[in-house]
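Heads up: the structure comes next, in structure tokens.
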Amino acid sequence: MTLVEGKLKVINGKKIAIVSTRWNHFIVDRLVEGAEDAFLRHGGKDEDITHVIIPGAFELPMVVDQLLASGKYDAVCALGAVIRGATPHFDYVSAEATKGIASAALTFNKPVAFGLLTTDNIDQAIEDANKATGKDLSGNFKFINGDIREIDDCKQACSGVNYVLHQAAL
């Protein structure tokens, strides 16, 4: 049996882009802190991070797609917060952002951390954002440490074979 498994160490020179939204910035800023902290604590370098700030979650797929298409980044971390309100706006934005981010990852065959919080209320968003800045591998952003290597390993082990890389949050 061949086991392909990511390591909790950033490979030297791997570059990431963090895309975050201005909307609900008081929540999203905490997610950015967690992503940056995870990358740096596991061997990444500050100069290998590009942080792109965009208006809202609906724009995440377009910007993730453009960053991956540029070929400059080994992975992208998409961060935002959509909090349910009294209208169906939440459903439309969260569904389309989710589909678009997944599509970009599949199109370019590169890891994209899905850090878009979709919560029913502000308290849930604050709780989730606080988890991202803890010293517990910073929530969903564990991908930065292992999955870049995991994709490299999988491409070697599966050369020419289609495969699916499943991202799981902590």
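Since every read-out is calculated from the coordinates, none of them should be taken as a lab result. Treat the numbers as computed from the prediction; the structure is a model and nothing was measured. Note that we place each Cβ from the backbone using ideal geometry, even for glycine, and neighbour counts take in every protein chain shown.
If you plug each phi of region 14-19 into the Karplus form 6.51 cos²θ - 1.76 cosθ + 1.60 with θ = phi - 60°, what whole-Hz ³J(HN,Hα) values come out, in order, with x for Gly and Pro?
6, 10, 10, 10, 9, 10
If we count every other residue with Cβ under 13 angstrom of Lys99's Cβ, Lys/Arg +1 and Asp/Glu -1, where does the sum land?
That works out to -3.
Using modelled backbone amide H atoms (1.01 Å from N, in-plane), which distant-in-sequence or interchain residues come within less than 5 Å of Ile18's amide H?
Amide H neighbours of Ile18, under 5 Å, 5+ apart: Thr50, His51, Val52, Cys77.
In nanometres, what is the gap between the two model label sites at Ser103 and Asp48, each 7 Å from Cα along Cα-to-Cβ?
3.1 nm
Could you calculate, for region 72-112, the ratio of the Cα radius of gyration to the Kirkwood radius, expressed as Rg to Rh?
1.09
Considering only the other residues whose Cβ falls under 14 Å of the Cβ of Lys45, what net charge follows from Lys and Arg at +1 and Asp and Glu at -1?
Once all neighbours under 14 Å are counted, the net charge is -2.
Note down the net charge around Ile126, summing +1 for each Lys or Arg and -1 for each Asp or Glu among other residues with Cβ under 15 Å from its Cβ.
Summing Lys/Arg as +1 and Asp/Glu as -1 gives -3.
Tell me, what HN-Hα J-couplings in whole Hz come from the Karplus equation 6.51 cos²θ - 1.76 cosθ + 1.60 at θ = phi - 60° for each residue of region 71-81, using x for Gly and Pro?
Result, rounded to whole Hz: x, 7, 10, 8, 7, 10, 10, 9, 10, x, 9.
Given the Cα-Cα distance of Asp120 and Tyr92 and 0.36 nm per residue of separation, how much length would full extension add, in nm?
This chain segment gains 8.7 nm when fully extended.
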